[in-house]
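A short write-up of the structure that comes next.
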Amino acid sequence: MKGRFRTVLRAGHQVQLLQGWDELFAGMRQAIENAMHEVRLETYIYGSDSAGEQMCAALVQAARRGVAVHLVVDGVGTPRLPPAWAEAFNAAGVRWHVYKPAGWLGMLLPSRWRRLHRKMCLVDGEVAFCGGINVLDDRQDPNHGTLEAPRLDFSVRVTGPLTGAMHEVMTQTWLRLQAASEVRDADWPAAWRALQEAMGPGRGRRAAPTAATVQPGARAALLLRDNIRHRRRIELAYLKAIAQAHEEIIIANAYFLPGRKLRQALIVAAQRGVRVRLLLQGRYEYFMQYHAVRPVYGPLLQAGVEIHEYAASFLHAKVAVVDGHWATVGSSNLDPLSLLLAREANVVIDDVDFAGGLRERLVRAMEHEGRHIDPQAYTRRPWHQHVLDRMAFGLLRAILFLTGRRY
């Protein structure tokens, strides 16, 4: 990886690990209630449940007291907002957009597979939240109803230099959506006002750090994945961390189907004596998600990689810890949709305390809420399981061929 990619981790960050919607919303609600200028929120799923209602109330209250509130939801994860909430947003002055609505063709066109999968919130350009948690009740699932236990998922609260990068990317996304909307409506004066308002003074722009404001703290960086400038940044960050690991790699990932380079990196790490542990999805959610990953288990298990499947509920985390100090929390799965197509955001943190706290939660989940995959039992699974697994894996490769991407 030397010479090809370098993640610049800057010091001066205060970071806090948040698990589940309740912890995330408690942090976001406090930040939003204290907001003076601006709230920006992006999410893949905005659930029509208690979580969505909580967030709706917080955003409406902020907008009513004059805070500029911008909300972006994905057009596949959130095809529509409840009419009552949309009306409340419009009445209060909350500005919202749906990113690339699927339309009547749905997901039949490969171009529609490029989704906004980021989950980010930025308040006054100073307090940031980033992770895998949607605006969705942890005990409710859109396809499976009420869950007996909450999903396992994480986010991080960050203050420090990376909030400037987050403000820039969220503002750019909003301006593109706003420009597209204004072009459709042929309202050029409104587009110009939107541009001035987004970039003007006092509207959420974060002041440049000074010597007085930069405090000692964790080293961190915001990593993005898009289809223009940052096609492989998140994948390369994983590859670099895995290649440099000396003792331990722990990865928890909901939709795990890494490409050849990532698989090989994990195998090589295990073969050179690094303890590699994976916490993966143990519940059947979708045919492709459940079966396509199974053919990947074989080479990993053979190399000595430990695989645990989360059994207590659905796993939705996208996190990792390497050697007890490097950690990442974000929205990016290690699968083709995230690594090749979707817009994603991860925070990378180099901090012993933060990494230790995340590691402790993952180890507890593996040991007490997971099923260890025995290599011999894996090879003896029924023949029809092999057929379904290979069918799903082959279908996924065919889908990728349609996108023109190699994986």
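Please work out if ARG390 is open to solvent by 30 Å² or more (accessible area, probe 1.4 Å), closer than 21 Å to VAL274 by Cα, out of contact with any His (no Cβ under 8 Å at 6 or more places or on another chain) and touching a residue at least 12 places away in the same chain (Cβ under 8 Å).
For ARG390, the condition - open to solvent by 30 Å² or more (accessible area, probe 1.4 Å), closer than 21 Å to VAL274 by Cα, out of contact with any His (no Cβ under 8 Å at 6 or more places or on another chain) and touching a residue at least 12 places away in the same chain (Cβ under 8 Å) - is not met.
Just to be sure, is ALA252 open to solvent by 10 Å² or more (accessible area, probe 1.4 Å), within 28 Å of GLY356 (Cβ to Cβ) and either touching a strand residue (DSSP E or B) at 6+ places or on another chain (Cβ under 8 Å) or not acidic (Asp, Glu) (or both)?
Here the answer is no, as ALA252 does not meet what is asked.
List the residue pairs whose Cβ atoms are under 7 Å apart, where the first residue sits in segment 152-170 and is of a type in the set (Gly, Ala, Ser), the second is part of a helix (DSSP H, G or I), and the two are 6 or more positions apart or on different chains.
Taking only residues 6 or more apart or on different chains, the pairs are SER155/LEU24.
Going through VAL305, VAL322 one at a time, which residue ends up being closer than 30 Å to ALA11 by Cα and touching a strand residue (DSSP E or B) at 6+ places or on another chain (Cβ under 8 Å)?
When all the criteria are applied, what remains is VAL322.
For the structure I just gave you, tell me whether GLU33 is under 26 Å from LEU175 (Cα atoms), charged (D, E, K, R) and touching a Lys or Arg at 6+ places or on another chain (Cβ under 7 Å).
no
State all residues of segment 288-319 that are farther than 16 Å from GLY370 by Cβ, among the small types (Gly, Ala, Ser) and crowded, with 19+ Cβ neighbours inside 10 Å; if no residue qualifies, say none.
Correct list: ALA292 only.
Identify, please: which residue in segment 348-379 is out of contact with any strand residue (DSSP E or B) (no Cβ under 9 Å at 6 or more places or on another chain) and acidic (Asp, Glu) and is, among those, farthest from GLU235 (Cα to Cα)?
The qualifying residue farthest from GLU235 (Cα to Cα) is ASP374.
The values are calculated or read from the model by the stated rules, or taken from the named source; none is laboratory data. Worth saying up front: this structure is predicted, and the values here are computed from it rather than measured. Neighbour counts run over all protein chains shown; Cβ positions are idealised from the backbone, glycine included. Surface areas here come from the heavy atoms of the whole protein model, side chains and all, with no ligands, DNA or RNA. Shrake-Rupley method; radii C 1.70, N 1.55, O 1.52, S 1.80 Å.
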